[in-house]
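Trainee: Next up is a structure, given as structure tokens.
The values are calculated or read from the model by the stated rules, or taken from the named source; none is laboratory data. Being a predicted model, the structure only gives us computed values, none of them experimental. Neighbour counts run over all protein chains shown; Cβ positions are idealised from the backbone, glycine included.
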Amino acid sequence: MMNHLTHASHSETIDAAMTSESNSRFQDFLDAQFPLHEGSHRDVAQYRVYFDRLIAHLSSGRCVGLHNPSSFVEFGGDRECPSLIALSAHGHNVELHFA
């Protein structure tokens, strides 16, 4: 099941209208501030929470974590398909909301 980013905000308060351009912009931001151990947020088919770690399932079939696992703060909803993911690093606090 593919998660779609429906809202994102960080300490500078970016308002995201859901277009492919804004979605790409947020994925680039996530890659810069919250990089995955391998791959790109652009390639994520689904996020999951495994114990206290955020796991990204890439479209290639690989599962990877964040380069800095402590950037993952909390989640809302189901561990298998979170409706909210909170990240924090480098002065940026981000909440990702999924539909």
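Trainee: Determine, yes or no, whether Leu96 is in contact with a helix residue (DSSP H, G or I) (Cβ under 7 Å, 6 or more places away or on another chain), within 19 Å of Asn23 (Cβ to Cβ) and not in a loop (DSSP other than H, G, I, E, B).
Mentor: No.
Trainee: A further question follows. Search segment 48-77 for residues being touching a residue at least 24 places away in the same chain (Cβ under 8 Å) and more than 17 Å from Pro35 (Cα to Cα), and hand back the single one that is surrounded by the most Cβ atoms within 10 Å (Cβ to Cβ). Working first, answer last.
Mentor: At the first step, the residues of segment 48-77 found to be touching a residue at least 24 places away in the same chain (Cβ under 8 Å) are 48-50, 54, 62, 64-68, 71, 75.
If we keep only those that are more than 17 Å from Pro35 (Cα to Cα) too, we end up with 50, 75.
Values: Tyr50: 11, Phe75: 18.
Applying the filter and picking the extreme gives Phe75.
Trainee: Shifting gears a bit: Which residue, of Glu80, Glu38, is farther than 18 Å from His97 by Cα and surrounded by fewer than 18 Cβ atoms within 10 Å (Cβ to Cβ)?
Mentor: Glu38
Trainee: For residues that are touching a strand residue (DSSP E or B) at 6+ places or on another chain (Cβ under 7 Å) and not in a strand (DSSP E or B), tally how many sit in segment 55-93.
Mentor: The total comes to 7.
Trainee: Considering segment 61-93 alone, what residues qualify as being hydrophobic (A, V, I, L, M, F, W, C) and in contact with a Ser or Thr (Cβ under 7 Å, 6 or more places away or on another chain)?
Mentor: Val73, Leu87, Ala89
Trainee: Which one is modelled with the highest pLDDT among residues in segment 1-52 that are of a type in the set (Val, Ile, Thr) and assigned to a strand (DSSP E or B)?
Mentor: Per the stated criteria, the residue is Val49.
Trainee: Turning to a different aspect of this structure: Restricting attention to segment 46-73, and to residues there that are among the hydrophobic types (A, V, I, L, M, F, W, C) and out of contact with any Gly (no Cβ under 9 Å at 6 or more places or on another chain), which single residue is farthest from Ile85 (Cα to Cα)?
Mentor: Looking at residues that are among the hydrophobic types (A, V, I, L, M, F, W, C) and out of contact with any Gly (no Cβ under 9 Å at 6 or more places or on another chain), I get Cys63.
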